[in-house]
Amino acid sequence: VASTNAFTAPRTVGRSSTSLQVKQADLDGAQSMIESIIDEKNCGPVFVRLAWHDSGTFDVNIKEEWPKAGGAIGSIRFEPEINHGANAGLAGAVKLLEPVKEKYPDVSYADIFQMASARSIEMAGGPKIEMKYGRVDATSPDQCSPEGNLPDAEAG
């Protein structure tokens, strides 16, 4: 039985090379660990930033096969991407989530990063963010987005 706080069960999105099937029990366990880390370390804001920086590299103009267009593919955990200027301070956030990946290896880093962000927002009193899981991770530094691919924030 899934927990009452569980997110939407993972779904295959039609591109078998870019989606995984993940057990609900693994997602529930990962979520529980993430919630404990957020409570213990008070690190919700940095998890939101980590997920944004991992996903924010998506470039709609790149028409090549996955993962060339970037996006939420867990590539931020690799050098050189984690060392990009905009990602300063995020290596510590990745390190905080390593125990989750170690315990639930079938849950991708990309899913862990996005789950940590969504849980951080909800635990801070924000809205519940429905998620679909099954993202496939980048497998090497060669799949990292180039420096400068993350859009700048605009005041508004």
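The values are calculated or read from the model by the stated rules, or taken from the named source; none is laboratory data. Quick caveat: nothing in here was measured; it's all calculated off a predicted structure. Cβ sites come from the backbone with ideal geometry, for glycine too, and all protein chains shown count toward neighbours. Note: accessible area is taken over every heavy atom of the protein model, side chains too, but ligands, DNA and RNA are not part of it. Shrake-Rupley method; radii C 1.70, N 1.55, O 1.52, S 1.80 Å.
For the range 64-88: of the residues being farther than 20 Å from residue 107 by Cα, part of a loop (DSSP other than H, G, I, E, B) and at pLDDT 85 or above, which is least open to solvent (accessible area, probe 1.4 Å)?
84
Take the residues of the range 89-112 that are among the aliphatic types (A, V, I, L, M) and farther than 17 Å from residue 20 by Cβ: which is surrounded by the most Cβ atoms within 10 Å (Cβ to Cβ)?
Ranking the candidates gives 93 first.
Could you grab the pairs with beta carbons closer than 9 Å, sequence gap of 6+ or different chains, first residue in the range 94-122 and under 17 Å from residue 82 (Cβ atoms) and acidic (Asp, Glu), second one open to solvent by less than 10 Å² (accessible area, probe 1.4 Å) and not in a helix (DSSP H, G or I)?
From residues that are under 17 Å from residue 82 (Cβ atoms) and acidic (Asp, Glu), there are no pairs.
Every residue in the range 52-67 that is farther than 16 Å from residue 91 by Cα and without any contact (Cβ under 8 Å) to a residue 60 or more places away in the chain, please.
Passing the criteria: 58, 60, 61, 62, 63, 64, 65.
What are the pairs with Cβ atoms under 6 angstrom where one residue, in the range 40-51, is at pLDDT below 95 and surrounded by 20 or more Cβ atoms within 10 Å (Cβ to Cβ) and the other, located anywhere, is part of a loop (DSSP other than H, G, I, E, B) and not β-branched (Val, Ile, Thr)? Sequence gap at least six, or different chains.
As it stands, the answer is none, since no pair meets every condition given.
When you check residue 62 against the structure, is it closer than 18 Å to residue 47 by Cβ and of a type in the set (A, V, I, L, M), yes or no?
Spelling it out, it is not the case that residue 62 is closer than 18 Å to residue 47 by Cβ and of a type in the set (A, V, I, L, M).
Among the candidates 64, 40, which residue alone is among the charged types (D, E, K, R) and closer than 23 Å to residue 140 by Cα?
After ruling out the rest, the residue left standing is 64.
Anything in the range 89-111 that is within 14 Å of the chain's Cα centre (by Cα), part of a helix (DSSP H, G or I) and more than 18 Å from residue 58 (Cα to Cα)? List them, or say none.
Matches in the range 89-111: 91, 93, 94, 95, 96, 97, 98, 100, 101.
Search the range 125-146 for residues being surrounded by fewer than 12 Cβ atoms within 10 Å (Cβ to Cβ) and at pLDDT below 95, and hand back the single one that is farthest from residue 24 (Cα to Cα).
The qualifying residue farthest from residue 24 (Cα to Cα) is 142.
Would you pick out the residues in the range 9-33 that are over 17 Å from residue 74 (Cβ atoms), at pLDDT below 80 and either crowded, with 16+ Cβ neighbours inside 10 Å or of a type in the set (A, V, I, L, M) (or both)?
Matches in the range 9-33: 9 only.
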